[in-house]
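Nothing in this text is a laboratory measurement; each read-out follows from the coordinates by a stated rule. Quantities reported herein were computed from a predicted structural model and do not represent experimental measurements. Quick reminder, even Gly has a Cβ in these numbers, built from the backbone with ideal geometry, and neighbours come from all protein chains shown.
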Amino acid sequence: MWWTMVLAVQSVAGPPDVRPPRPSFPARCDEGEAGEVVVCGSADQDGFRLKPLADRYATTDALPQAETTIVGDLKVSAESEAGQAIGHAPPRAMVRLKLPF
């Protein structure tokens, strides 16, 4: 009985090979001699370059940094940052004390 199952599994045909035909492109450059590497392409690369953004996407000036001197060279500043966490980036407020050495 088991040998009939083995024969049945081996006789199953796979899916048909339905691939779209490959498009034929005209040659863009001459073929080289045997063993020669030929690199060819379009010299006009402007189609692949990014265009400048319109003025409506211009960034506005950011808020000035909130920093003040406490005593002597000791400064304190308040900043906001986007944190890094698993799955999301929670915002956070940072208070920094700066003392040059």
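Ranked by the mean number of other Cβ atoms within 10 Å per residue, highest first, peptides 67-80, 86-99 order as 67-80, 86-99.
Compared with the alpha-carbon gap, the fully stretched path from E67 to A34 is longer by 4.9 nm at 0.36 nm per residue.
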